[in-house]
1. How many of the residues making up region 279-289 are more than 6 Å from the ligand (Cβ to nearest atom) and open to solvent by less than 20 Å² (accessible area, probe 1.4 Å)?
2. Considering only residues that are outside any helix (DSSP H, G or I), away from the ligand (no atom under 12 Å from the Cβ) and open to solvent by 40 Å² or more (accessible area, probe 1.4 Å), look in region 82-119 and name the one that is nearest to MET304 (Cα to Cα).
3. Suppose we filter region 76-115 for residues that are in contact with a helix residue (DSSP H, G or I) (Cβ under 9 Å, 6 or more places away or on another chain) and without any contact (Cβ under 8 Å) to a residue 12 or more places away in the chain; how many remain?
4. Kindly list the number of the only condition in (1) farther than 27 Å from ASP100 by Cα; (2) at pLDDT 95 or above; (3) crowded, with 19+ Cβ neighbours inside 10 Å that fails for VAL133.
5. Does region 149-161 contain any residue that is in contact (Cβ under 8 Å) with a residue 12 or more places away in the chain and of a type in the set (Asp, Glu)?
6. Could you tell me whether any residue of region 13-29 is surrounded by 18 or more Cβ atoms within 10 Å (Cβ to Cβ), away from the ligand (no atom under 13 Å from the Cβ), free of Cβ contacts under 8 Å to residues at least 40 places away in the same chain and not aromatic (Phe, Trp, Tyr)?
7. I'd like the full set of residues that are in a loop (DSSP other than H, G, I, E, B) and within 18 Å of ALA255 (Cβ to Cβ), limited to region 270-322.
Amino acid sequence: MTSRVLLLPGDGIGPDVVEQARRVLTRVDNIHRLDLTFEQALMGGSAIDGEGSPYPNSTRALARDSDAILLGAVGGPKWDALPAAHRPERGLLAIRSDLDLFCNLRPAILFPELASASSLHSHLVAGLDILIVRELTGGIYFGEPRGVQLTEDGTREGFNTDRYEESEIRRIGRLAFDAAQKRDGRLCSVDKANVLEVTMLWREVMQELSADYPDVELSHMYVDNAAMQLVKEPKQFDVVVTGNLFGDILSDIAAMLTGSIGMLPSASLNADSKGLYEPVHGSAPDIAGQDLANPLATILSAAMLCRYSLSNSVAADHIERAVASVLSHGFRTGDIVGTDGGASVMGTTAMGDAVIAALDENQ
Ligand code: NAD
């Protein structure tokens, strides 16, 4: 059966890295007969320039019809002066909400070869393997009312609303418990239940769910402590589940533990396993179009696409093995050179070539 993959390169380095992931997927398609078809559409700033909206109707129609979506990144200084409601990043919020992509999976795995590129001591991070499960379509990023308004005394006030329905907490909780069951059996739910009512409910629902998962050890942690523990003793975590805002911040902390934001993939899934796959990093305008971007986060996102939306873990494992092999041969983009010496520094396209060669060697 044909699977339709929609490519949304976006802005900045997005097109640089998506092109390498497309080449890798094409090679994997040839080897594993995935029967993929690729389509491409505008997203973010380039969509504002081309069609007047960060998530235009033409892109929405293709996204709804596709089986999986691979996105580069959106945004850049060119669009920074636009009002918030018209910025490229609104396109991301719109597609997540349109496709009901409520579950964001962000693995933070440290390839042994990159331990020296981490900002922490190698012994704290060697072998790190955390999965952060972030709720993506609720919480304060979507809650109403929101806005900036004039108060009675003529000064401005800004406000947002952090809101979760019980059902929203339950469905992300189930996915996190399921994920923990398939891993080390430990789930840490992160909240701020000592201050925020919405997260008191979050904690209660997680606790209720745990009755259905006697094989998973559930713990709770306040978000400020979780941020501290992530840099103090990160290997204590297996699966972390949290809301939209806390997940945004904690997953970026986890990103730095692994040495480079250029190495981290992500998946955002809906209830039918349709997914939007994207690197954790942004559009890196400082290096866009210069053949400097690390494409591995996007290539690893393509591996997640094979695993979660195509249900093909053989193809996913093959891509992940190829990336590990490339690193073990000492191939590096500039952002992951680290201090280990002896690395062979290469550009975006050459890294894509290296992964494709490794796919052929490691069949
Ligand atoms: P960024 O992730 O784009 O860049 C941060 C730093 O990391 C930069 O020095 C950049 O050169 C480097 N970097 C990022 N990805 C890299 C890669 N693949 N290879 C090598 N180096 C890499 O974050 P930022 O600078 O805060 O944001 C830049 C733009 O991206 C902004 O417009 C922001 O809104 C947008 N953004 C988009 C997304 C997204 O599309 N999901 C996420 C974050 C930021």
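The values are calculated or read from the model by the stated rules, or taken from the named source; none is laboratory data. Please read all numbers here as calculations on a predicted model, not as lab measurements. Cβ placement follows ideal geometry from the backbone for every residue including glycine, while neighbour counts extend to all protein chains displayed. Keep in mind that these areas ignore ligands, DNA and RNA; they rest on the heavy atoms of the full protein, side chains included. Shrake-Rupley method; radii C 1.70, N 1.55, O 1.52, S 1.80 Å.
1. Of the residues in region 279-289, 1 are more than 6 Å from the ligand (Cβ to nearest atom) and open to solvent by less than 20 Å² (accessible area, probe 1.4 Å).
2. Out of the qualifying residues, it is ILE109.
3. 1
4. (1)
5. So the first thing to find is which residues in region 149-161 are in contact (Cβ under 8 Å) with a residue 12 or more places away in the chain, and the list is 159-161.
Restricting the remaining residues to those that are of a type in the set (Asp, Glu) gives none.
Looking for residues that are in contact (Cβ under 8 Å) with a residue 12 or more places away in the chain and of a type in the set (Asp, Glu), one finds none in region 149-161, hence no.
6. Within region 13-29, one or more residues are surrounded by 18 or more Cβ atoms within 10 Å (Cβ to Cβ), away from the ligand (no atom under 13 Å from the Cβ), free of Cβ contacts under 8 Å to residues at least 40 places away in the same chain and not aromatic (Phe, Trp, Tyr).
7. Just the residues of region 270-322 that are in a loop (DSSP other than H, G, I, E, B), to begin with: 270-274, 280-284, 288-295, 309-312.
The answer is VAL280, HIS281, GLY282, SER283, ALA284, ALA293, ASN294, PRO295.
Okay, residues lined up against (1) touching a strand residue (DSSP E or B) at 6+ places or on another chain (Cβ under 8 Å); (2) within 23 Å of GLU320 (Cβ to Cβ); (3) open to solvent by less than 40 Å² (accessible area, probe 1.4 Å):
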{"site": "VAL198", "(1), (2), (3)": "no, no, yes"}
{"site": "ALA226", "(1), (2), (3)": "yes, no, yes"}
{"site": "THR242", "(1), (2), (3)": "yes, no, yes"}
{"site": "ALA254", "(1), (2), (3)": "yes, yes, yes"}
{"site": "THR258", "(1), (2), (3)": "yes, yes, yes"}
{"site": "LEU264", "(1), (2), (3)": "yes, yes, yes"}
